[in-house]
Every structure is written in structure tokens, then in C-alpha cells.
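Participant: Following this message is one structure expressed as C-alpha cells.
The values are calculated or read from the model by the stated rules, or taken from the named source; none is laboratory data. Predicted, not measured: the structure shown is a model, and the values here were computed from it. Positions of Cβ are generated from backbone atoms using ideal geometry, with glycine treated the same way; all protein chains shown enter the neighbour counts.
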Amino acid sequence: MLKGKKIAILGDRDGIPGPAIEECIETTGAEVVFTTTECFV
Amino acid sequence: MDLENQQRIKDLAEKEGAENLVVILGGAEAEASGLACETVTNGDPTFAGPLAGVPLGLACYHVVEEEIKSEVEAEVYEDQISMMEMVIDVDAITEEVKTYRDKYSKYKL
């Protein structure tokens, strides 16, 4: 379902950071087009 | 959601096509994750940023939701996410993000 999709990742400094999510998404066949780690507060 | 990132999401939706773009969240709290989901689906509820009044309707999920987790290689998920999964309230986050997705997303996985 994710395969072929373009993915924008909004990670959280106090939760799950962007690069950790990116590692996961790279195993799905989707293309990560943006990754950031923001402070959600 | 930070104003700079709102602009990036807006630009990406135009460039890639809203139907092709999926936003994946890593927020530690349900409320903040819900707010981010609302922002990329219905527009910025605080009317402060570039997505104010811009209902992109993007597909938006938290990384711990089953729709995403089930597609990730188990070993990688275990290494990258499982530690945090133990300390965040997965049920509350899932419920909050799903509420906004069901209400405002025009696209689903």
C-alpha cells in the first residue's frame, strides 16, 4: 500500500525522530521526499 | 506544526500531487499528533501558517499505526521504533490521528 507513494516524515524530538521513521519507510518500497524532526510542543 | 514545515508540505503536495503524498508522524503525544494530522488534512487550526484555510486532505498516519507498522520490515521496526513504542500511549495516539484522518483525509492508503 505504501509502495510507490511519496512520503513526508514529521518526526518528534521527544517521540520518534525523523531518521528512525525514514529507516523504517525505506523498507516498504515508498520514496521518502522529506524528513524533519520537530519539537511538537 | 512549525510554519516552515507547513510550507514544505504545501509545496510537496503541489509538486508530487496530493493523492501521491503520505505524511507520517512520530509525535510522542496524542494531542500534538492529532493537531499535526488536522493541519495536513483540514488546514492549520491556529490560522498562523501557510496551511491556514488550505485543506490538503492528505493521507496521514502515525508510524505506530497498524497500516504503517505492518508494512515495515519487522527487524527494522524493532530496532528503530519499539523502544519508544513502550513509553508512548499508542492507543491514544492511534485514536486521535484516526479521528482527524477519517474526518478530513481525502486520500487513504
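Participant: Sort out which residues of region A:1-21 are closer than 19 Å to B:GLU85 by Cα and surrounded by fewer than 19 Cβ atoms within 10 Å (Cβ to Cβ), and write them in order of number. Give the steps one after another, and end with the answer.
Facilitator: Going residue by residue through region A:1-21, those that are closer than 19 Å to B:GLU85 by Cα are A:9-21.
Those that are closer than 19 Å to B:GLU85 by Cα and surrounded by fewer than 19 Cβ atoms within 10 Å (Cβ to Cβ): A:ARG13, A:ASP14, A:PRO19.
Participant: Please specify each residue of region B:12-30 satisfying the condition of being of a type in the set (Asp, Glu) and at the interface with chain A (Cβ under 9 Å from one of its Cβ atoms).
Facilitator: Here is the first cut: in region B:12-30, the ones of a type in the set (Asp, Glu) are B:14, B:16, B:19, B:29.
B:GLU16, B:GLU29, listed by residue number.
Participant: Looking at region A:1-38, which of its residues are more than 7 Å from chain B (Cβ to nearest Cβ), among the β-branched types (Val, Ile, Thr) and within 8 Å of the chain's Cα centre (by Cα)?
Facilitator: Scanning region A:1-38 gives A:VAL32, A:THR35.
Participant: Moving on to the next point. Return the pairs, sorted by first residue and then second, in which the second residue is modelled with pLDDT of 95 or more and part of a helix (DSSP H, G or I), the first residue lies in region B:70-85 and is over 15 Å from B:ILE24 (Cα atoms) and facing chain A (nearest Cβ under 7 Å), the beta carbons are less than 7 Å apart, and the residues are 6+ apart or on different chains.
Facilitator: Every condition considered, the pairs that remain are B:VAL76/A:GLU23; B:VAL76/A:CYS24.
Participant: Still on this structure, I have one more. Find the residue count for region B:69-104, including only residues that are under 11 Å from the mean Cα position of the chain (by Cα) and either surrounded by fewer than 22 Cβ atoms within 10 Å (Cβ to Cβ) or under 21 Å from A:THR37 (Cβ atoms) (or both).
Facilitator: Looking only at that region, the number is 6.
Participant: Right, another one. Mind checking whether some residue in region B:24-31 is in contact with a helix residue (DSSP H, G or I) (Cβ under 7 Å, 6 or more places away or on another chain), crowded, with 24+ Cβ neighbours inside 10 Å and not small (Gly, Ala, Ser)?
Facilitator: Yes, region B:24-31 has at least one match.
Participant: Moving to a separate point now. Which residues, counting only those in region B:31-50, are over 17 Å from A:ILE9 (Cα atoms) and more than 10 Å from chain A (Cβ to nearest Cβ)?
Facilitator: Within region B:31-50, the first condition is being over 17 Å from A:ILE9 (Cα atoms), and the residues that meet it are B:31, B:42-50.
B:ASN42, B:GLY43, B:ASP44, B:PRO45, B:THR46, B:PHE47, B:ALA48, B:GLY49, B:PRO50, listed by residue number.
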